[in-house]
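Everything below concerns the one structure shown next.
The values are calculated or read from the model by the stated rules, or taken from the named source; none is laboratory data. These figures come from a predicted structure and were not determined experimentally. Because the Cβ atoms are built from the backbone with ideal geometry, glycine has one as well, and the counts that use them run over all protein chains shown. Note: areas computed on protein heavy atoms with side chains; ligands, DNA, RNA excluded. Shrake-Rupley method; radii C 1.70, N 1.55, O 1.52, S 1.80 Å.
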Amino acid sequence: MAKKKPVVVAICGNKGGIGKTVTACSLTDALANVMGFKTLLIDADEQSNIRTTLGLKPLNIEAGLRSEE
């Protein structure tokens, strides 16, 4: 059986309030729970709204995703 290659899907946009968080959470839920895919949801937004959307408590952690310019 051929090994399946991972697929990366990015939801991004410069403007706030356009549904990026809801789209990312809904897509992840559909891929995992409806279609049976293994998924990983990464929130690289400084506001970390995905944690709130999923009902998780915010973490007070400095992430290393920002580039220092």
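Structure notes:
- FRET efficiency for L27 and K3, using Cβ-Cβ distance with R0 set to 30 Å, rounded to 0.05: 0.80
- Label zone of K57 (point 7 Å out along Cα→Cβ, amide N under 16 Å): in region 24-51 this covers 51.
- Mean accessible surface per residue for region 1-48, computed with a 1.4 Å probe while every protein chain stays in place, in Å²: 93 Å²
- If you wrap region 1-60 in the convex hull of its Cα atoms and look at it from every side, the mean projected area works out to 5.3 nm².
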